Amino acid sequence: MSPEELDGRIAEGWSGTAPNGAHVNVVLAHRGSPTAAAAVSMLAHPTAGHTPVLVCVGPTQAEYEPVWPPTLMMNKATALEARHQTMTWGAAQLGIGQGVLDSVADGLLEATDDQLKKFDPPKEKPADSQPAPAAPQPPLPAVYPPLESTR
């Protein structure tokens, strides 16, 4: 399928068992489309407890680089507890990033900026979560320098 044909495609995935399972929703968008405009607008309009991020991977935070094609992530459940925040912006972001990289390696997606993915990571809280007072939102990611082409 061409990037234009993928625009607006919606999917979901489930892994694990409740309450610690992961449920993800996926929206594919083609750059310049209304779908892409809607996905990108979430970066400009975050709400309390829901921080949109550009999915990045790397061995340490100092080495994080965005995955290609650009991939946006927004949590579905308000992440108030430190453990839930770590799982959302840590493990969930890594899992989503690896899934995108695997899709590129398998030839399902092209590593181009013409496509955009939006993921909603798990909304389930860990089984041993306890209600906690509101925690500050994690900061938005820093601006990343352009990636060097590996092609």
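The values are calculated or read from the model by the stated rules, or taken from the named source; none is laboratory data. Since we're looking at a predicted model, the values are computed, not measured. For neighbour counting, all protein chains shown are included, and Cβ atoms are generated from backbone atoms with ideal geometry for every residue, glycine included.
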request  = Sort out which residues of segment 66-91 are over 13 Å from the mean Cα position of the chain (by Cα) and outside any loop (DSSP other than H, G, I, E, B), and write them in order of number.
outcome  = Ala82, Arg83, His84, Gln85, Thr86
inquiry  = Here are the criteria: (1) over 22 Å from Asp102 (Cβ atoms); (2) crowded, with 17+ Cβ neighbours inside 10 Å. Tell me which single one Leu43 does not satisfy.
reply    = (2)
query = Considering segment 4-24 alone, what residues qualify as being modelled with pLDDT of 85 or more and either surrounded by 12 or more Cβ atoms within 10 Å (Cβ to Cβ) or touching a Cys at 6+ places or on another chain (Cβ under 6 Å) (or both)?
reply = Asp7, Gly8, Arg9
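So is Thr112 modelled with pLDDT under 85 and in a helix (DSSP H, G or I) or not?
No; evaluated as a whole, the condition is false for this residue.
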inquiry  = Looking at Pro136, Pro52, Pro69, can you tell me which residue is of a type outside the set (Val, Ile, Thr) and at pLDDT below 85?
reply    = Pro136
ask   = Any residue at all in segment 72-89 that is of a type outside the set (Lys, Arg) and within 18 Å of Ala111 (Cα to Cα)?
value = yes
task = Please tell me if His45 is more than 17 Å from Met87 (Cβ to Cβ) and free of Cβ contacts under 8 Å to residues at least 24 places away in the same chain.
result = yes
ask   = Any chance segment 89-101 includes a residue that's farther than 18 Å from Asp113 by Cβ and touching a Pro at 6+ places or on another chain (Cβ under 7 Å)?
value = yes
ask   = Which pairs have Cβ atoms under 7 Å, sit 6 or more apart or on different chains, and link a residue in segment 1-27 that is in contact (Cβ under 8 Å) with a residue 40 or more places away in the chain to one that is among the β-branched types (Val, Ile, Thr) and part of a strand (DSSP E or B)?
value = Val26/Ile10; Val27/Ile10
